[in-house]
Amino acid sequence: MALVLLLASLGIAHSAQLPKGGRQGQPITIKSSELSTDSKTNTATFTGKVIARQGDLTIYADKLVVHYKADGGELDRVEVSGNVRIVQGDRLATAREGVYLGTEQKIVLTGDPKVFQGENTVSGKVITYFVNEERSVVTGGPDARVEAVITPKEKGKDAGQQR
């Protein structure tokens, strides 16, 4: 299924390099309360406590809609909405909505998007991850500024405790 492209490429803001073969060869499991497909609109809609998992990547949402191109069923875009959480290792992204655009190879998170990695966080109005370039852009707006909280690593927990 073309959903492999989404699941294989969602690496959130600071994607780790995947070993050769990466997630792409791993099985995808999608669980939901309901699945409906529509050949006329070229969509597959998963609703109700959706969990999509491939390897170390898991997507949680209330709804996941896969849109296929009419000419051959290739992936056009995937939309996730409602309580969106994307988890990979120690990285977590949250938002109200997200869209993966297949042609542009980018993921756009909106609705209070935040990315957490360990104790570090970044948030803004929109978080855009460019899959092929492994880079992200966080933008603010008139009512929401970009905020990053970076916690420096300690160089030995006992360094400040001299006797």
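Brief remarks follow.
- Filtered by the rule that a residue be in contact with a strand residue (DSSP E or B) (Cβ under 7 Å, 6 or more places away or on another chain) and either modelled with pLDDT of 95 or more or assigned to a loop (DSSP other than H, G, I, E, B) (or both), the stretch 128-137 gives a lone residue, 131.
- Among residues of the stretch 74-109, those that are farther than 21 Å from residue 44 by Cβ and over 11 Å from the mean Cα position of the chain (by Cα), counted: 3
- Elements of type strands (runs of 3 or more DSSP E) contained in the stretch 24-118, each with 3 or more residues being in contact with a Gly (Cβ under 7 Å, 6 or more places away or on another chain) and modelled with pLDDT under 95: 75-88
- Within the stretch 117-135, being of a type outside the set (Asp, Glu) and more than 12 Å from the chain's Cα centre (by Cα) holds for 117, 118, 120, 121, 122, 123, 124, 125, 126, 132, 135.
- When 119, 74, 133, 104 are checked against the criterion of being under 24 Å from residue 35 (Cβ atoms), surrounded by fewer than 20 Cβ atoms within 10 Å (Cβ to Cβ) and not aliphatic (A, V, I, L, M), 74 stands alone in meeting it.
- Yes/no for residue 51 being out of contact with any Pro (no Cβ under 9 Å at 6 or more places or on another chain) and either touching a residue at least 40 places away in the same chain (Cβ under 8 Å) or surrounded by fewer than 18 Cβ atoms within 10 Å (Cβ to Cβ) (or both): yes
- Qualifying residue in the stretch 141-158 (condition: crowded, with 19+ Cβ neighbours inside 10 Å, without any contact (Cβ under 8 Å) to a residue 60 or more places away in the chain, on the phi < 0 side of the Ramachandran plot and of a type in the set (Val, Ile, Thr)): no
The values are calculated or read from the model by the stated rules, or taken from the named source; none is laboratory data. Quick caveat: nothing in here was measured; it's all calculated off a predicted structure. In this analysis, Cβ positions are derived from the backbone assuming ideal geometry, glycine residues included, and neighbour counts consider all displayed protein chains.
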